[in-house]
Amino acid sequence: MTEQLLRFWPYAIGYGFALIVGQIFIGAIAKCMYTEIGIPNREHAFHSMILGLVERVMFIASLQVGIPQFIAIWLGIKTAGGWKHWTEECLIPSDRDGKEIKILGRHIFNVFLTAQALSIGFAGVGWKLIEWLNKGAWAEAITVGLSVLIGATILLLMVRSNSKEATSA
C-alpha cells in the first residue's frame, strides 16, 4: 500500500498544480481581462471553468502518451467554433446603466487566447512535474514550479493594475 501511494503522489502534485493552481490564476486573470473590456459579470462562466479543468486533464494525458498534436487539434476546433463571435462586435447590457455597450470581438478573442495559453502552460508544467518527481528530480520540479507561480503572480498583478486603471478612467 505504501509503495502505491509513493507512486501516486507525483501525479497528484502534477495534476493538482495544473488543475487547482492553474484555475486560480487563469480564472483571476480572465476575470480581470473581461472586466477591463467591459464584461464584468459573465453569465455561465462556470461552464468555462469546467471546460478548462477538463482540457488541462486532456492536455496532460496527451503529453504523457506522446501525442502533443492533440492540443493543437483541440485548440483549432475550439477556435473555429467561436470564429464569427470573434470577428464582429457584440452588444451586451451594461451593469451600470442597463444600456447596451459594444465589445470588439477581437478583445474577447484576446482574452480567450490568453486563458488558453495559460491553460496549456499550466498543463505542460503539470506534466513535467509528474516526470521530474517520478525521477526524483526535485530541483527541477521546485525551480520550475516556483518560477511559474512567480510569473503567474506578476501577470495577475499587471492585469489587475491595468483593469483598475481602466475602470477608474
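Using a Förster distance of 22 Å, how high is the FRET efficiency between residue 74 and residue 106, based on the Cβ-Cβ distance and rounded to 0.05?
Rounded to the nearest 0.05, the efficiency is 0.50.
Please find, in a Gaussian network model of the chain (springs between Cα atoms separated by less than 10 Å), the residue of 42, 106, 56 whose mean-square fluctuation is greatest.
Of 42, 106, 56, the Gaussian network model singles out 42 as fluctuating most.
What are the ³J(HN,Hα) values, in whole Hz, obtained from phi via the Karplus relation 6.51 cos²θ - 1.76 cosθ + 1.60 with θ = phi - 60°, for each residue of the stretch 47-53 in sequence order, with x given for Gly and Pro?
Karplus values, whole Hz, x for Gly and Pro: 4, 5, 5, 4, 4, x, 5.
If I histogram all Cα-Cα distances within the chain using bins 10 Å wide from 0, what percent of pairs lands in each bin?
9, 33, 32, 17, 7, 2, 0
Under a straight-distance cross-link criterion of Cα-Cα below 26 Å, which lysines are reachable from residue 78, leaving out those fewer than 8 residues away in the same chain?
Within reach: 31, 102, 128.
By how many nm would the segment from residue 57 to residue 20 grow when fully extended, if each residue of separation counts as 0.36 nm and the alpha-carbon distance is taken off?
12.2 nm
Determine one quarter of the surface area of the Cα convex hull of the stretch 1-64, which equals its mean projected area, and express it in nm² to one decimal.
Averaged projected hull area, Cα only: 5.3 nm².
Ignoring everything except DSSP H segments at least 4 long, calculate the 222 nm mean residue ellipticity for the chain; use -39,500 (n - 2.57) per segment, divide by total residues, nearest 500.
-26000 deg cm²/dmol
What does the extension gain come out to for residue 67 and residue 147, with contour length at 0.36 nm per residue minus their alpha carbon separation?
Extra length from residue 67 to residue 147 when fully extended: 26.2 nm.
Given springs between every Cα pair under 10 Å in a Gaussian network model of the chain, which of 38, 81, 126 has the largest fluctuation?
81
Pick from 31, 102, 128: which residue has the top mean-square fluctuation in a GNM of the chain where Cα pairs under 10 Å get a spring?
102
Read-outs: derived from the displayed coordinates by stated rules, not from any lab. Note that the coordinates shown come from a computational prediction; the quantities given were computed from them, not determined experimentally. Here the Cβ is made from the backbone with ideal geometry for all residues, glycine too, and neighbour counts use every protein chain on show.
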